[in-house]
Amino acid sequence: MPPIRHLFWDFDGTLYNSYPQIAHAFGQALNELGQGGLISEAGLLALLKVSVYHAACHCAQKAGLEPAELVEVFHRYHVQEAPFPPYAGLESCLRTLHEAGIRHYLYTHRDLRAVEQLKGDGLWPLFTDAVTRLDGFADKPAPDALLALMARNNAEPGECAMVGDRDIDILAGRNAGMRGVLFDPDGFYPDLKADWRVSSMAELCGLFV
């Protein structure tokens, strides 16, 4: 197979360790709605790894709430969270790969705040292009956004890989004809099939240089 020349990066849980802050905001929402202690921290993280809406549906059913109400309160707390920390070694990994000729792309369900965080951390110049929620593509695992990114950057699927921390990231890449790199430092997806599985940025970097 041809070498990987293009990496398509998820944001939450891949570039940035945002789940602790997401879980904190979700916990605050539960507290406000009188449901503090409804679920353990580990249980909540497992639900959030699927999606916020999945966690809201699960918790709302247990508490006799409407999922939309829980999501609304969560978002109010979530926008107040401080910027998320990048995973250890991220900058070194991105720069080393960039210097080796690999191009980086962002594909996230977040809005432009993801791009703003990369800019604030001095990492945005390492990225060639991006798709965010504001571009209006179907959510992962639909391949539409990845296909559009490949088309406008003249990238061939065989030279591309999607990097993500969830099953929908790997499936989106597969649906677009790409290979997949599962970044799973906490072992949430032990049985998910991916072309590569890594638990650190150093390990990921070593795959391609």
State all residues of the range 148-167 that are in a helix (DSSP H, G or I), buried (at least 18 other Cβ atoms within 10 Å of the Cβ) and of a type in the set (A, V, I, L, M, F, W, C); if no residue qualifies, say none. LEU149, MET150
Output the number of the condition that THR132 fails; it satisfies all remaining conditions of (1) open to solvent by less than 40 Å² (accessible area, probe 1.4 Å); (2) polar (S, T, N, Q); (3) more than 17 Å from GLY13 (Cα to Cα). (3)
Taking the range 1-22 and keeping residues out of contact with any strand residue (DSSP E or B) (no Cβ under 9 Å at 6 or more places or on another chain) and either part of a loop (DSSP other than H, G, I, E, B) or surrounded by 19 or more Cβ atoms within 10 Å (Cβ to Cβ) (or both) leaves PRO2, PRO3, ASP12, GLN21
Answer residue from the range 84-123, given it is in contact (Cβ under 8 Å) with a residue 24 or more places away in the chain and acidic (Asp, Glu) and is nearest to GLY158 (Cα to Cα) among those: GLU91
Under the condition of being closer than 23 Å to ARG166 by Cα, of a type in the set (A, V, I, L, M, F, W, C) and open to solvent by 30 Å² or more (accessible area, probe 1.4 Å), which residue from the range 83-117 is farthest from the chain's Cα centre (by Cα)? ALA88
Of the residues in the range 180-209, those that are at pLDDT 95 or above, open to solvent by 30 Å² or more (accessible area, probe 1.4 Å) and touching a strand residue (DSSP E or B) at 6+ places or on another chain (Cβ under 7 Å) number 6
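With the structure loaded, tell me whether GLY43 is open to solvent by 40 Å² or more (accessible area, probe 1.4 Å) and of a type in the set (Gly, Ala, Ser) or whether it fails that test. Write out each step before concluding.
Numbers: open to solvent by 40 Å² or more (accessible area, probe 1.4 Å): no; of a type in the set (Gly, Ala, Ser): yes.
Judged against the criteria, GLY43 is not a match.
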State all residues of the range 171-209 that are under 19 Å from CYS93 (Cβ atoms), of a type outside the set (Asp, Glu) and part of a helix (DSSP H, G or I); if no residue qualifies, say none. GLY173, MET201, ALA202, LEU204, CYS205, GLY206, LEU207, PHE208
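State yes or no: is LYS49 of a type in the set (D, E, K, R) and surrounded by 14 or more Cβ atoms within 10 Å (Cβ to Cβ)?
Taking the combined requirement at face value, the residue satisfies it.
The values are calculated or read from the model by the stated rules, or taken from the named source; none is laboratory data. Only a predicted model underlies this, so the values are computations on that prediction, with no experimental measurement involved. Cβ atoms come from the backbone with ideal geometry, glycine included; neighbour counts cover every protein chain shown. Heavy atoms of the whole protein, side chains included, go into the accessibility calculation; ligands, DNA and RNA do not. Shrake-Rupley method; radii C 1.70, N 1.55, O 1.52, S 1.80 Å.
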